[in-house]
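Student: This structure is in structure tokens; I'll ask about it shortly.
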Amino acid sequence: MNKRTRQLAAVINGQNTSDGAGVKLKRIVSQQQKNALDPFILLDEFGSGEPTDYIGGFPDHPHRGFETVTYMLAGAMRHRDHLGNEGHLRAGDVQWMTAAHGIIHSEMPEQENGLLHGFQLWINLPAKEKMKPPHYQEFAAEKIPHVALTDGSYIKVIAGEYVTEAQKISGPVTGITTRPLYFDVRLSPQQQLDIPIDEQHTVLVYVYQGGLAIGASDKVLKAGQLGQLINGDNIQLATQDQPAQFLVLAALPLKEPVVQSGPFVMNSSEEIEQAFRDYRDGALTL
Ligand code: FE
């Protein structure tokens with residue numbers, strides 16, 4: 001069968017903002033996209049060598065109705081939650097937290113200086129899983145398959161499968177209904193990479209270093225830009241005279257109503273009000 005290469009449909013520029021206790025970050029996917037990127041709810045990049053930009057961290061706060069994925073490129077973060085999980089995330093580590101019915105946790109830098117750099121992604125859960133018990137998973141960097149390509153290029157397979165004619169490499173994250181694909185890729189200059197993609201998936205590419213040409217177009221995504229790629233079962237990515245580092249994110253859209261308020265993502269405003277009541281009454285974490 002002939003491959004159909006996805007086309008660039010939209011480019012989103014990350015916006016500088018802050019969250020938690022004054023953590024500076026670039027918000028790439030947010031409520032402004034009005035669920036056009038279903039099932040992706042939020043994507044933040046935090047990256048600074050200036051301690052005042054991150055030292056406040058994210059003290060205790062709740063989540064309900066979705067999953068949070070934290071991926072570290074540099075530095076160290078400590079996670080603690082009401083279930084008693086304690087996680088120490090370092091460069092290359094991934095935390096995959098299914099908040100579902102409810103979790104209260106803190107995410108704090110475990111360093112007083114130096115570079116802290118990473119991503120947080122929120123992926124929605126289907127209605128029937130929003131009130132299930134929460135689930136916490138953590139993967140050390142060495143558990144994440146690292147596929148070497150030519151000339152120092154590579155793909156880290158965090159979730160989903162990277163399939164070529166010669167091999168199939170599966171990430172450690174499995175059993176998620178939206179069948180997410182999460183790759184961290186580095187491409188050397190003058191390289192081209194084709195990645196097979198499920199035709200039904202929402203597909204996003206976020207460039208965090210360098211520049212990346214998308215599909216057959218001559219449109220180049222720059223660092224800090226996210227592209228949405230539509231229609232097809234393949235994505236075609238190419239570098240020009242500089243290397244690129246980027247995330248490839250894909251997942252099955254849920255096609256359900258989405259109502260978000262702060263840390264809660266549900267299907268109706270009644271469910272959001274319930275989440276606030278439950279949090280106030282201590283029932284979020286039962
Ligand atoms: Fe959180």
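The values are calculated or read from the model by the stated rules, or taken from the named source; none is laboratory data. Note that the structure is a prediction, hence the values are computed from the model and not measured. Heads up, the Cβs are rebuilt from the backbone with ideal geometry, glycines too, and the neighbour counts pull from every protein chain shown. Accessible surface is based on the protein model in full, side chains and every heavy atom, while ligands, DNA and RNA are left aside. Shrake-Rupley method; radii C 1.70, N 1.55, O 1.52, S 1.80 Å.
Student: Conditions first: (1) of a type in the set (Asp, Glu); (2) open to solvent by less than 10 Å² (accessible area, probe 1.4 Å); (3) modelled with pLDDT under 95. Residue 165 passes all but one, so which condition is the exception?
Tutor: (2)
Student: Find the residue count for the stretch 256-283, including only residues that are within 16 Å of the ligand (Cβ to nearest atom) and either surrounded by fewer than 17 Cβ atoms within 10 Å (Cβ to Cβ) or free of Cβ contacts under 8 Å to residues at least 40 places away in the same chain (or both).
Tutor: Qualifying residue count for the region: 2.
Student: Does the stretch 168-180 include one or more residues that are free of Cβ contacts under 8 Å to residues at least 24 places away in the same chain and outside any loop (DSSP other than H, G, I, E, B)? Walk me through it before giving the result.
Tutor: Initially, the stretch 168-180 is screened for residues free of Cβ contacts under 8 Å to residues at least 24 places away in the same chain, giving 168, 174-175.
In the following step, the residues that additionally are outside any loop (DSSP other than H, G, I, E, B) were identified as 168.
Yes, the stretch 168-180 contains at least one residue that is free of Cβ contacts under 8 Å to residues at least 24 places away in the same chain and outside any loop (DSSP other than H, G, I, E, B).
Student: Separate question: Considering only the stretch 74-132, state which residues are touching an Asp or Glu at 6+ places or on another chain (Cβ under 6 Å), more than 14 Å from the ligand (Cβ to nearest atom) and closer than 30 Å to residue 256 by Cα.
Tutor: 127
Student: Residue 156 passes all but one of (1) touching a His at 6+ places or on another chain (Cβ under 7 Å); (2) more than 27 Å from residue 215 (Cα to Cα); which number fails?
Tutor: It is condition (2) that residue 156 fails.
Student: Another question, then. So which residues in the stretch 1-24 are over 20 Å from residue 262 (Cβ atoms), open to solvent by 60 Å² or more (accessible area, probe 1.4 Å) and part of a strand (DSSP E or B), if there are any at all?
Tutor: Answer for the stretch 1-24, where residues must be over 20 Å from residue 262 (Cβ atoms), open to solvent by 60 Å² or more (accessible area, probe 1.4 Å) and part of a strand (DSSP E or B): 7, 13.
Residue by residue, here is whether (1) open to solvent by less than 20 Å² (accessible area, probe 1.4 Å); (2) aromatic (Phe, Trp, Tyr); (3) under 17 Å from the mean Cα position of the chain (by Cα) holds:
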| site | (1), (2), (3) |
| --- | --- |
| 193 | yes, no, no |
| 205 | yes, no, yes |
| 208 | no, yes, yes |
| 226 | yes, no, yes |
| 235 | yes, no, no |
